[in-house]
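To start, the structure under review is shown below, and the notes come after it.
The values are calculated or read from the model by the stated rules, or taken from the named source; none is laboratory data. Everything quoted here is computed from the prediction, not taken from an experiment. Cβ placement follows ideal geometry from the backbone for every residue including glycine, while neighbour counts extend to all protein chains displayed.
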Amino acid sequence: MDIPNDIQSFAQHVPQVLDVWRQGGMNGDLETYDAFCSRIMGALHNAAGQDGRTVLVTSTGVIATLSAIALGLDMVKKTKLFLRVMNTSVHKFEMVGGELQLTQFGAVPHLERPDREHARTYG
């Protein structure tokens, strides 16, 4: 795979890399895709078990993965989410009956003012 040098190439590159990772084709020293999913679901279950509301700060990859799990999306659709997660966006997940549900995706009320438009960037 060639290293992407523009946004269009990057958008085509991401699903290829994620698919290789999901299929176990990465360097054996790296965390597997299944281990990554288990780790982030474990963190989410831990947070859900706390009293009151919990705020977690994380990355585009975690947000896209949790969203894909909640919505039952395949890798191609997950990649589309991955490419649309805006930096500093707010997402809400809830555990309902042991099932992960996405209740808000990509809110950026803090960037919706015209003087903050320059701050709208993607992971």
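If you go through region 57-65 one residue at a time, do you hit one that is under 18 Å from Leu100 (Cα atoms), part of a loop (DSSP other than H, G, I, E, B) and among the hydrophobic types (A, V, I, L, M, F, W, C)? Checking region 57-65: at least one residue is under 18 Å from Leu100 (Cα atoms), part of a loop (DSSP other than H, G, I, E, B) and among the hydrophobic types (A, V, I, L, M, F, W, C). Any residue in region 56-78 that is hydrophobic (A, V, I, L, M, F, W, C), under 25 Å from Ala107 (Cα atoms) and modelled with pLDDT under 90? Scanning region 56-78, I find at least one residue that is hydrophobic (A, V, I, L, M, F, W, C), under 25 Å from Ala107 (Cα atoms) and modelled with pLDDT under 90, so the answer is yes. Note on region 1-24: residues that are surrounded by 10 or more Cβ atoms within 10 Å (Cβ to Cβ) and assigned to a loop (DSSP other than H, G, I, E, B) amount to 3. Among the residues of region 95-123, the ones that are under 26 Å from Gln50 (Cβ atoms) and within 15 Å of the chain's Cα centre (by Cα) come to 8 in all. Taking (1) assigned to a helix (DSSP H, G or I); (2) in contact (Cβ under 8 Å) with a residue 24 or more places away in the chain in turn, Leu100 satisfies each apart from (1).
Residue check: Asp51 meets all listed conditions (1) more than 13 Å from the chain's Cα centre (by Cα); (2) assigned to a loop (DSSP other than H, G, I, E, B); (3) at pLDDT 90 or above; (4) surrounded by 12 or more Cβ atoms within 10 Å (Cβ to Cβ) but one, namely (4).
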